[in-house]
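Have a look at the structure below, then the notes.
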Amino acid sequence: MAAMVLIYNAGGVEVHDVKPLRHVITMLHRGVARVLEAVDGEAFGPYQRPRSVELVRYVYARWRYERTVPATYSFKGVLRRDGYTCAYCGGPATTIDHVVPRCQQGPSTWTNSVAACRTCNERKGGRTPEEAGMPLLWAPTQPGARTVHRRHAVA
Ligand SMILES: [Zn+2]
């Protein structure tokens, strides 16, 4: 695993993020962060190797990130967004279903995908929910990145 570095918001009190060392070095390079605590005696190019860094400017990041950064579409992401719950029967889901099926040119997008159990997925087949008589329990939405992407736990 890559070495992780704590990133504090400006002020050095509130943890803002945790990123791999390599990413943090690019932040130092861009002048958006400065070293807060260094690892004694270890240099990293022109910088002391940081144990933690501090953002130069205060960032109100998390909620803004959630609202403005759309998550990248993925199979796992759809399952996470829907809490691994089948959108047709409410049971545990292990597959994803294209609401408008691929054979009817349904796209692989957040709003055309729901988590589904294998039974419902097979029962629905190449039909829309209307055609199959299987109404969705909820409408699929475009989630923000934080809902879907794993984040490193910060103690
Ligand atoms: Zn189901």
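The values are calculated or read from the model by the stated rules, or taken from the named source; none is laboratory data. Remember, it's a predicted structure, so these values are computed and weren't measured experimentally. With ideal geometry, Cβ positions are generated from the backbone for all residues, glycine too; neighbour counts draw on all protein chains shown.
Please specify each residue of segment 81-92 satisfying the condition of being under 19 Å from GLN142 (Cα atoms) and either within 12 Å of the ligand (Cβ to nearest atom) or in a loop (DSSP other than H, G, I, E, B) (or both).
Those that are under 19 Å from GLN142 (Cα atoms) and either within 12 Å of the ligand (Cβ to nearest atom) or in a loop (DSSP other than H, G, I, E, B) (or both): ASP82, GLY83, TYR84, THR85, CYS86, ALA87, TYR88.
Report, ordered by the first and then the second residue, all pairs with beta carbons closer than 8 Å, sequence separation of six or more or different chains, a first member in segment 22-43 that is closer than 17 Å to GLY11 by Cβ, and a second member that is loosely packed, with under 15 Cβ neighbours inside 10 Å.
Sorted first by the residue in segment 22-43, then by its partner, the pairs are VAL32/VAL56; VAL32/ARG57; ALA33/VAL56; ARG34/VAL56; LEU36/GLY12.
Only strands (runs of 3 or more DSSP E) wholly contained in segment 1-54 count here; list those with 3 or more residues that are touching a helix residue (DSSP H, G or I) at 6+ places or on another chain (Cβ under 6 Å) and of a type in the set (Phe, Trp, Tyr).
none
Go through (1) within 13 Å of the ligand (Cβ to nearest atom); (2) in contact (Cβ under 8 Å) with a residue 60 or more places away in the chain one by one and return the number of the condition ARG118 breaks.
(2)
Please return the ranges of helices (runs of 4 or more DSSP H) entirely within segment 102-155 where 2 or more residues are aliphatic (A, V, I, L, M) and modelled with pLDDT under 90.
Ranges flagged: 145-148.
I need the full set of residues from segment 22-38 which are exposed (fewer than 15 other Cβ atoms within 10 Å of the Cβ) and either farther than 11 Å from GLU54 by Cβ or of a type outside the set (A, V, I, L, M) (or both), in order please.
ARG22, HIS23, THR26, HIS29, ARG30, GLY31
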